[in-house]
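Report on one structure; see the data block that follows.
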Amino acid sequence: MSLIRKIREVGPVAEPAGPSPAAQPASGDLKGSVQVRHVDAGSCNGCEIEIGQAFSPVYDAERHGLRLVASPRHADALTVTGPVTVNMAEALRKTFEAMPQPGRVVAVGDCARDCGVFAGAHGIHGAVDDVVPVDMHVPGCPPEPAAIVAALRGLSGR
Amino acid sequence: MNRVEAALTAAGGLTLAATLAATIIPAQWRGATVGTLTTLVGLAGAAAGCWALSGETWHASFPDLLPLAGVEWAVDALSGWLLLLIGAVTAVVGIYTIGYADRSGRGPAARGPLAVLPLFAAAMLAVPAAGSVSTLLWTWELMAIASLLLVVVEHKHSDAARTAGIWYAAMTQAGFVALLVGLSWLAAVSGADSFHGIRAHAAALPAGVRDGVFLLCMVGFVSKAGAVPLHPWLPRAHAEAPSHVSALMSAAMVKLGIYGVLRVAFDLLGGGTRWWWVLVAAIGAVSALYGILQAAVATDLKRLLAFSTSENIGLILLGVGMAGLLAQAGQPAIAALALAAALLHMLNHAAFKSLLFGGAGSVLRATGTRDLDALGGLSRRMPSTTLLVAGGAFAAAALPPSNGFVSEWLLLQALLHAGTGGGTVLAVAAPVAVAVVALTAGIAVATFVKVVGTGFLARPRTAAAADARESPAGMLLAMGLAAAFCVALAVVPAVVARPLRLVLETMRLPQEPLAAETVGLRLPQVGAQLWPLWLTISLVGLTAATATVVRAFGRTRRRARAWDCGDGPLTARMEYTATSFAEPLQRVFDDVLAPETDVDVTPVKESAYLVSAINYRLRIPDRIENRLYRPLIRAFVTIGTAARRLASGSMHRYLAYMLTAVIVVLVAGVWR
């Protein structure tokens with residue numbers, strides 16, 4: 001009983017959804033539903049925490065037609081974080097090839113764009129763009145969940 | 001001369017020729033000659049069966065051939081059904097032997113095994129042709145001894161074969177003793193040795209005698225049929241015997257156990273009380289479920305097939321038991337349908353099981369192993385064998401449009417139409433039986449997906465599997481013939497409608513359960529229809545049409561590598577093995593199977609917290625064997641050790657025993 005009461009007392013926690021964004025050029029025919037596979041290419045895990053939040057009840061990315069999936073075989077888009085390390089470069093390329101084409105790539109965080117503070121460090125292969133073609137960037141170190149949701153909403157158009 | 005008589009005489013003559021050929025022909029040609037002659041024995045037997053099923057009967061007695069009771073033969077439609085089944089299996093196995101027994105003259109091609117093989121086939125043909133109790137017992141024992149000799153062919157090299165031989169010998173002889181007592185009792189009380197004499201007196205026998213005879217015969221026949229709980233010899237003997245012998249035993253010999261139940265209970269005793277049939281159906285249900293569960297978790301290919309035999313025998317016994325129950329309850333039409341389903345399933349099981357054991361033999365010959373966990377990837381190296389085994393597995397899983405499906409469909413039709421008019425027992429038994437058949441069929445699909453998926457598809461897990469070579473033409477031809485029987489029984493099962501009616505008449509159920517349409521089956525009593533030919537054509541046609549449409553109009557396909565999580569490459573160690581495929585089932589049925597797991601952690605020398613090796617062992621023992629037979633064996637060993645004191649080695653003492661025995665017998669004789 002107390003559980004139901006608590007649920008009633010807490011009420012909805014999600015942020016207001018806001019108006020639907022204008023469709024991004026990268027969205028193509030993905031209208032309404034985007035399956036997302038996440039790849040950590042060498043991130044410090046800061047971006048992972050924010051992506052986790054983006055799919056939490058508060059930011060609730062799933063109400064915009066976004067869904068995290070367990071295999072690139074099921075995915076329309078990849079989210080990639082971190083500077084791409086030498087060990088992950090080949091795996092990232094294979095993951096992109098394993099997606100049904102055309103696959104979109106969303107680079108999340110500053111490291112994904114230009115390696116951030118890790119640029120030129122030992123074991124770094126390069127930015128995400130050096131390995132797979134990137135369609136969208138989400139800036140920030142780490143980017144806020146709202147920014148990630150906003151970028152992904154550009155793909156789903158909802 | 002009667003045609004049945006002519007064919008059976010020919011079979012007998014060919015058997016002698018084959019045995020003689022095996023002893024005198026040089027090793028180079030021995031396998032081919034004996035194989036050909038055995039095939040001819042089988043064809044003669046099958047021809048006799050066909051003629052018997054067309055309505056011909058044959059009866060002959062030779063009172064002076066053997067001492068005391070002589071020999072009496074009687075062939076009716078029920079015998080014909082079995083003659084056809086055994087003859088066809090023998091023909092397939094004969095052709096298989098031509099390829100299997102190579103020119104080396106060793107192993108299955110040695111003189112002994114090849115000489116006994118046609119004798120075994122002939123003994124099996126003789127059992128259903130026996131027309132008296134003594135003839136049946138003679139032929140039964142001949143069959144048991146011949147099969148035992150064939151099971152222990154590998155005894156010099158393999159401990160397992162020796163153990164299997166001992167188990168088989170002990171159980172088959174114990175069953176024979178039960179049979180001997182039961183049938184002799186029946187013959188003594190009814191005052192006749194021949195079947196027609198017993199038939200005439202059976203109705204007047206006291207109830208106690210009928211019940212006792214039935215129980216003793218059940219023990220004998222069910223142990224030969226390999227139904228649970230009298231099954232422990234079966235997975236051992238079928239696994240250790242050479243594959244063509246396994247095929248003969250599993251496809252033909254165990255059916256003679258069913259024949260015995262049908263002959264004694266339905267024909268000689270003319271049906272019985274209700275608890276007989278509840279007992280038969282219960283044994284069938286337990287056997288079907290336990291057999292398929294053990295098959296589902298088995299990793300030894302031949303052991304798996306052996307347990308699948310237990311399962312199919314269970315389904316047949318379930319049909320027989322329900323038929324008896326329905327006939328008891330005054331529903332002869334549905335009873336005839338259930339019995340027809342059981343009889344048809346005997347034929348279907350013989351067809352697909354000889355095919356599957358042939359395939360197991362091919363695999364064993366090509367790779368030297370029967371362990372599914374060590375196989376894989378055979379479809380590239382042995383494409384014909386793989387295709388044939390897949391066909392057999394399809395039938396064994398009873399998926400439409402296979403022959404296994406037809407008989408299971410008939411059985412379910414009979415069970416679903418049992419109704420509630422036949423009393424409480426029937427009203428409870430029929431739905432339970434439906435559930436048993438459904439569960440069995442479901443697990444059978446998983447089992448045979450495992451056989452084909454982990455054994456033949458995927459990548460080879462060992463070097464032996466990677467270097468497999470396709471079998472010689474003789475073996476492939478035999479398997480192809482068995483597959484052709486499967487297809488014929490699947491597509492035009494209507495051909496058996498008329499012979500089945502004759503068989504049912506011999507079992508005192510003069511009904512017509514199946515009406516043959518041109519290409520379909522109609523069940524007049526329950527208003528159901530099945531058109532296997534159209535089913536086959538439409539399924540094959542739909543699949544082909546879908547493939548064509550997708551190829552012609554679908555988008556162009558992109559070739560991508562198998563997803564390996566970005567790592568790679570994929571290796572054979574990442575595949576599903578037979579054990580891992582069956583693991584979920586094993587978990588679900590944990591309480592029934594009671595698997596034994598054993599985890600052995602070895603830490604490094606310096607610290608107990610650092611692990612150097614973990615040894616994990618999983619064994620799924622036969623629980624019934626452990627619970628039921630181990631204590632029995634221990635008791636026998638104790639008694640045997642204690643009785644050893646009587647045999648001290650002193651000749652005087654033995655003479656005293658003999659003298660005492662003679663005196664006791666004389667006194668007992670005078671006393672009466």
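The numbers here are math on the coordinates, done by the rules we state, and not lab data. Everything quoted here is computed from the prediction, not taken from an experiment. Cβ atoms come from the backbone with ideal geometry, glycine included; neighbour counts cover every protein chain shown.
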For this session: Tell me the Kirkwood hydrodynamic radius of chain B in angstroms, computed as one over the mean inverse distance between distinct C-alpha pairs.
Result: 26.4
Exercise. Out of A:Val131, B:Thr15, B:Ala164, whose Cα points farthest toward the positive end of the dipole of the protein assembly as shown (charges: +1 Lys, Arg; -1 Asp, Glu; placed on Cβ)?
Worked result: B:Thr15
For this session: Could you work out the relative contact order of chain B, using alpha carbon pairs under 8 angstrom and six or more residues apart, expressed as a whole percent?
Result: 11
Exercise. Roughly how big is the protein assembly as shown's charge dipole about its Cα centre, with Cβ charges of +1 (Lys, Arg) and -1 (Asp, Glu), in debye to the nearest 20?
Worked result: 1120
For this session: Answer rounded, prolate or oblate for region B:386-527, using the Cα gyration tensor with square roots of eigenvalues a ≥ b ≥ c: rounded when a/c is under 1.5, else prolate when a/b is larger than b/c, else oblate.
Result: oblate
For this session: Using amide H atoms built 1.01 Å from N in the peptide plane, name the residues 5+ places from A:Val39, or on other chains, whose amide H lies under 5 Å from its own.
Result: A:Thr79, A:Val80, A:Thr81
Seminar exercise, completed: Yeah, the protein assembly as shown with a ≥ b ≥ c from its alpha-carbon gyration tensor (a/c under 1.5 is rounded, else prolate when a/b outruns b/c, oblate otherwise) is prolate
Problem set entry | Structure-based [θ]222 nm, chain B - -39500 (n - 2.57) summed over DSSP H runs of at least 4, per residue, nearest 500 | -22500 deg cm²/dmol
Problem set entry | Dipole of chain B, positive end: most advanced residue of B:Val503, B:Gly212, B:Val254 [Cβ charges, Cα centre] | B:Val254
For this session: Consider a paramagnetic label point 7 Å from the Cα of B:Ala661 along Cα→Cβ; state which residues of region B:173-204 have an amide N under 16 Å from it.
Result: none
Exercise. Do any trypsin sites (Lys or Arg not before Pro) in region A:1-84 lie in a loop, going by DSSP, with at most 13 other beta-carbon atoms within 10 Å of their beta carbon, and if so which?
Worked result: A:Lys31
Exercise. For the residue pair B:Thr420 and A:Lys6, what label-to-label distance in nm results when each label sits 7 Å from Cα along the Cα-to-beta-carbon direction?
Worked result: 4.9
Exercise. Within chain A, which complete DSSP H helices have Cα atoms spanning at least 18 Å along the helix axis and a mean Kyte-Doolittle hydropathy of -0.5 or higher?
Worked result: A:86-98
For this session: Give me a single rounded figure for B:559-570: the average over its residues of other chain Cβ atoms within 10 Å of their Cβ.
Result: 4
Exercise. What's the FRET efficiency of A:Gln101 with B:Cys565 using the Cβ-Cβ distance as r and R₀ = 22 Å, to the nearest 0.05?
Worked result: 0.70
Seminar exercise, completed: Computed, not fitted: 222 nm per-residue ellipticity of chain A from DSSP H runs ≥ 4 (each -39500 (n - 2.57)), nearest 500, equal to -9000 deg cm²/dmol
For this session: Please give the residues of region B:505-536, grouped as numeric ranges, whose backbone N is less than 17 Å from a label point set 7 Å along the Cα-to-Cβ vector of B:Ala545.
Result: B:533-536
Exercise. Sequence-distant or interchain residues sharing an amide H contact under 5 Å with A:Gly126, placed H: which?
Worked result: A:Val84
Exercise. What net charge is computed for the residues neighbouring B:Val549, neighbours being all others with C-beta under 15 Å from the C-beta of B:Val549, Lys and Arg scored +1, Asp and Glu -1?
Worked result: +3
Exercise. Over what distance in Å are the Cα centres of region A:78-118 and region A:1-61 separated?
Worked result: 20
Exercise. Which value in nm describes the separation of the simple spin-label points at B:His196 and B:Asp467, placed 7 Å from the Cα toward the beta carbon?
Worked result: 6.3
Problem set entry | Amide hydrogen neighbours beyond the local backbone of A:Val105, cut-off 5 Å, H modeled | A:Leu78, A:Asp135, A:Met136
For this session: Quick one: check the C-alpha center-to-center distance for region B:139-195 versus region B:260-303, whole angstrom.
Result: 19
Exercise. Between B:Val449 and B:Ala17, what length in nm is gained on full extension when 0.36 nm per residue of separation is reduced by their alpha carbon distance?
Worked result: 151.3 nm
Exercise. So which trypsin sites (Lys or Arg not before Pro) in region B:109-201 pass both tests, a DSSP loop state and at most 12 other Cβ atoms within 10 Å of the Cβ?
Worked result: B:Lys156
Problem set entry | Residue of A:Pro139, A:Pro57, A:Pro83 that the Gaussian network model of chain A assigns the largest fluctuation, springs spanning Cα pairs under 10 Å | A:Pro57
Exercise. R0 = 25 Å: FRET efficiency of B:Ser384 with B:Thr536, Cβ-based, nearest 0.05?
Worked result: 0.70
Exercise. With the Cα gyration tensor of region B:47-123 giving a ≥ b ≥ c as the square roots of its eigenvalues, does the rule (a/c under 1.5 for rounded; else a/b larger than b/c for prolate; else oblate) give rounded, prolate or oblate?
Worked result: oblate
Problem set entry | Whole-Hz ³J(HN,Hα) from phi, Karplus 6.51 cos²θ - 1.76 cosθ + 1.60, for region B:526-531, glycine and proline x | 10, x, 10, 9, 9, 10
Problem set entry | Segment B:Ile24-B:Asn626, length gained on full extension (0.36 nm per residue, minus Cα span) | 212.2 nm
Exercise. Hey, with R₀ at 30 Å, roughly what FRET efficiency would B:Glu141 and B:Ile639 work out to, going by the Cβ-Cβ distance, to 0.05?
Worked result: 0.75
